[in-house]
Amino acid sequence: PYASLDTDAALSAMDVDAEDLVNPALFRLTSGMPLHELEAMVKETDGCERALIEEIRILEEAAGVGEADLTPRAAPVAAAAAAAATGDGADGAIAAGEGEAKMEVDGTAAASSLPAHFTNVEDMLASDLSAASGFYGVSALLGRLRNPLEMPLPPNSPALIAATGNKKGRKKGGGGGGGGTDKEAQRKEKDAALAKTRALLALEKDPSYTKVLDDNAPLLALCKRITNHRSSVVFRRPVNPREAPGYAERIVFPLDLSLVKKMVQAGMIRTFRELHERMGLICHNCVKYNGRESDYGGVTRDFEGYVDDSIILAVRTYNVNAERAAAAAAAAAADHPAVSEIEDEA
């Protein structure tokens, strides 16, 4: 859709389209998530939104900017989680607290008495956390978004520093020149990322994605392909609670690749969509426990990107094979008329 635009216009159009795709992408990420988890996220968004609004107010006051419209609106995460949470409420849903949240530091939870937001600009700029970091479910969902839909990182985020080369967010050796080449590369990257996002959203309309398969061979082959990828190492076996303090308390629905394979073999997973959803829960759990800006958060995004590519390819391959089988059957039927037809001719 951007072929007729120059590079600057194309990048601007892509930014607008990316913003429009955030809500559908978030809704897709909640697909198949346990109702308990969805309801917890809906409750978390209330405290998270209040914390973000308060931080915006503090920033605007320090900058001398006039008051903006900070009336709470339906947050994208809340809308996605609420839309996915159909039916009656689940027992024992976990709330994030009324205006308070735990802040993660190096993958562990600090004291629960910490406020859900920073009270001054200096702390905001010095910290590698954001208001959303203390709301584990919300942060996990946002942390699974990938380019170009991903959310901005705090100024001192280790992930941002690693990407830009220093704490001020400017790339090393940032002299002049090369701007056009950089923009063209950025255009290609964004175009490919948006195309992939649209392909993922289009899966829901593909009958093969939700079709119950009589033979689990395609699903087992897909499990093997995903498990063999380099980024899958940390997801192949269950998390050992002794090596991950607090994991059992924070992660209510633990899942790993070995268990997913057993579910396929037992007939508990029978569609590409169900397999995709279970892979998504594995990713959600990892980012929820470790934090979106942790090393594990980065590994998870790489892994989920590969999972998405593999699912798209598997569904397309299934469709191609089905079309070929149908064409072969039709050709065979034309070459060998049915017995009833031969009898009628006689």
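The values are calculated or read from the model by the stated rules, or taken from the named source; none is laboratory data. Just so it is clear, the structure is predicted and the values come from calculations on it, not from any experiment. Cβ: placed from backbone, ideal geometry, glycine included. Neighbour counts: every protein chain shown. Ligands, DNA and RNA are stripped out before the accessible areas are found, and what is left, the full protein with its side chains, is counted by its heavy atoms. Shrake-Rupley method; radii C 1.70, N 1.55, O 1.52, S 1.80 Å.
Restricting attention to the range 249-287, the residues that are in contact with a helix residue (DSSP H, G or I) (Cβ under 9 Å, 6 or more places away or on another chain), part of a loop (DSSP other than H, G, I, E, B) and in contact (Cβ under 8 Å) with a residue 24 or more places away in the chain total 9. The condition of being outside any helix (DSSP H, G or I), basic (Lys, Arg) and modelled with pLDDT under 90 holds for only one of Arg50, Arg73, that being Arg73. Candidates are the residues of the range 288-331 that are among the basic types (Lys, Arg) and part of a helix (DSSP H, G or I); the one that is least open to solvent (accessible area, probe 1.4 Å) is Lys288. Candidates Pro241, Pro218: the one that is over 20 Å from the mean Cα position of the chain (by Cα), open to solvent by less than 90 Å² (accessible area, probe 1.4 Å) and over 18 Å from Met279 (Cα atoms) is Pro241. For the range 193-232, the tally of residues that are over 12 Å from Ile312 (Cβ atoms) and in contact with an Asp or Glu (Cβ under 7 Å, 6 or more places away or on another chain) stands at 2.
Scoring Leu11 on the criteria (1) within 25 Å of Lys205 (Cα to Cα); (2) assigned to a helix (DSSP H, G or I); (3) out of contact with any Leu (no Cβ under 7 Å at 6 or more places or on another chain) leaves a single failure, condition (1).
Looking only at the range 240-260, which residues are at pLDDT 95 or above and of a type in the set (Val, Ile, Thr)? Val260 - this is the single residue of the range 240-260 that is at pLDDT 95 or above and of a type in the set (Val, Ile, Thr). Gly173 meets each of the listed conditions (1) at pLDDT below 95; (2) assigned to a helix (DSSP H, G or I); (3) over 19 Å from the mean Cα position of the chain (by Cα) apart from (2). Restricting attention to the range 1-28, the residues being touching a residue at least 24 places away in the same chain (Cβ under 8 Å), closer than 21 Å to Asp182 by Cβ and either open to solvent by 40 Å² or more (accessible area, probe 1.4 Å) or within 16 Å of the chain's Cα centre (by Cα) (or both) number 4. Pairs linking a residue in the range 205-226 that is closer than 13 Å to Ala322 by Cα and of a type in the set (Lys, Arg) to a residue that is open to solvent by less than 50 Å² (accessible area, probe 1.4 Å) and in a loop (DSSP other than H, G, I, E, B), with Cβ atoms under 7 Å and 6 or more positions apart or on different chains, are Lys211/Thr271.
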